Amino acid sequence: MVPFFLPSTITAHDGRRATVRELRAADAPLVQQFVQALSPRSRRSRFFGPVRELSPGQLERMTRLDGSTGLGLAAFVGDGDPCIVGIAQHAVCDPPFAELALVVADGWQRQGLGERLVRMLLAYAAWTGIVAMHGFVAAANQPMLALASKLGFALEEDADPDLVRIEKPLDRLRGLAG
C-alpha cells in the first residue's frame, strides 16, 4: 500500500508561511494559474522551453499522480482564495527510480521553499521504495544546481550541453529522517 503524504506548514526564511499538501486533480486550475504567473525565465528553467501555459495533458500528468506513479507536492498560501507558490514532483519512470521536478514562484525563490519541498519529496520517495531520484537541470540554472548539490545530488554532464543530469541514491532510513 502506498502511504499518503500528510499536509504540513512550512515557514520561508522571510517568515511567510505556506501549507504543503499533495496536488489533486481539482487543483488543475490553480496549477495553470501558477504556471502562467511564473516569469519567462522560471518557466523556461522548469519546462526547458518558452511555455506560457500547460496543455491539458501536462495538467493531467501534474495533478493525477497517485503515490505509486509519483507524487506532486504543492505549497499553498491564502485561505479563502489559495494560490500555489511552489511545486515539487517526482514521477516513477523506471521503477524503482523516479524523476524530480521543482518550480517555485518568483517571489518565493531563495527563501528555502524549494529545499523544503524537495526534502519532503525525497523522504516520501525513499519511504515508498524509490532507490534513486534523478532529473535534468538547465546548465544556466545555477540556483537549482546549487540546491541539488546542497541536497547531495551528483551533477553529471549530459549529451546535451545545455543540460546537467542530477542523481541521488535514496536510503529508506535516511529518507525518513531527511
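The values are calculated or read from the model by the stated rules, or taken from the named source; none is laboratory data. The shown structure was predicted, so the numbers you read here are calculated from the model rather than taken from an experiment. Virtual Cβ from ideal backbone geometry, glycine too; neighbours counted across all protein chains shown. Please note that ligands, DNA and RNA were not included when accessible areas were found on the heavy atoms of the full protein model with its side chains. Shrake-Rupley method; radii C 1.70, N 1.55, O 1.52, S 1.80 Å.
Counting only Cα atoms, I'd like the Rg/Rh figure for the stretch 23-178, Kirkwood definition for Rh. Each step should come with its number before you reach the end.
On the way: Rg = 14.8 Å, Rh = 15.8 Å.
The Rg/Rh ratio comes out at 0.94.
Counting only protein heavy atoms and using a 1.4 Å probe, what share of the accessible area of the chain belongs to carbon plus sulfur, as a whole percent? Don't skip to the end; give the middle numbers.
Details: 5060 of 9310 Å².
C and S fraction of accessible area: 54 percent.
So with the 1.4 Å probe, I'd like the accessible area per residue for the chain, rounded to whole Å².
On the way: 9310 Å² over 178 residues.
Accessible area per residue, the chain: 52 Å².
What three numbers, in Å, describe the spread of the alpha carbons of the stretch 1-107 along their principal axes, ordered from the longest?
Cα spread of the stretch 1-107 along its principal axes, largest to smallest: 36, 33, 25 Å.
Limiting things to C-alpha atoms, what are the Rg and the maximum Cα-Cα separation (Dmax) for the stretch 90-178, in angstroms?
Answer for the stretch 90-178, Rg first and Dmax second: 12.7, 35 Å.
Quick check: from the Cα gyration tensor, does the stretch 45-91 come out rounded (a/c under 1.5), prolate or oblate? Could the numbers behind the result be given before it?
On the way: a/c = 1.77, a/b = 1.13, b/c = 1.56.
Cα axes put the stretch 45-91 in the oblate bin.
Roughly how many debye, to the nearest 20, is the charge dipole of the stretch 32-178 about its Cα centre, given +1 on each Lys and Arg Cβ, -1 on each Asp and Glu Cβ, and no other charges?
On the way: 15 positive and 16 negative charges, 61 e Å.
Approximately 300 debye in magnitude.
Local charge sum around SER39 (other residues, Cβ-Cβ under 15 Å, Lys/Arg +1, Asp/Glu -1)? Walk me through the intermediate numbers first.
On the way: positive: ARG41, ARG43, ARG44, ARG46, ARG52, ARG110; negative: GLU53, ASP106.
Taking every other residue near SER39 into account, the sum is +4.
Which value, in Å to one decimal place, does the Kirkwood hydrodynamic radius take for the stretch 74-124 when every pair of different Cα atoms is included? Could you put the intermediate results ahead of the total?
Working: mean 1/r = 0.0844 Å⁻¹.
This gives a value of 11.8 Å.
Rounding to the nearest 20 debye, state how big the charge dipole of the stretch 96-168 is about its Cα centre with +1 on each Lys and Arg Cβ and -1 on each Asp and Glu Cβ. Don't jump to the answer; show the numbers that get you there.
Details: 6 positive and 9 negative charges, 94 e Å.
Taking the Cα centre of the stretch 96-168 as origin, the dipole is about 460 debye.
Quick one: plug the Kirkwood hydrodynamic radius of the stretch 45-134 (C-alpha pairs) into Stokes-Einstein at 4 °C, 1.567 mPa s, and report D in µm²/s.
On the way: Rh = 13.9 Å.
Answer from the Stokes-Einstein relation: 93 µm²/s.
Pick out, from TRP127, PRO96, GLN33, the residue whose Cα sits farthest towards the positive end of the charge dipole of the stretch 1-143, with +1 on the Cβ of Lys and Arg and -1 on the Cβ of Asp and Glu.
Ranked along the dipole, the leading option is GLN33.
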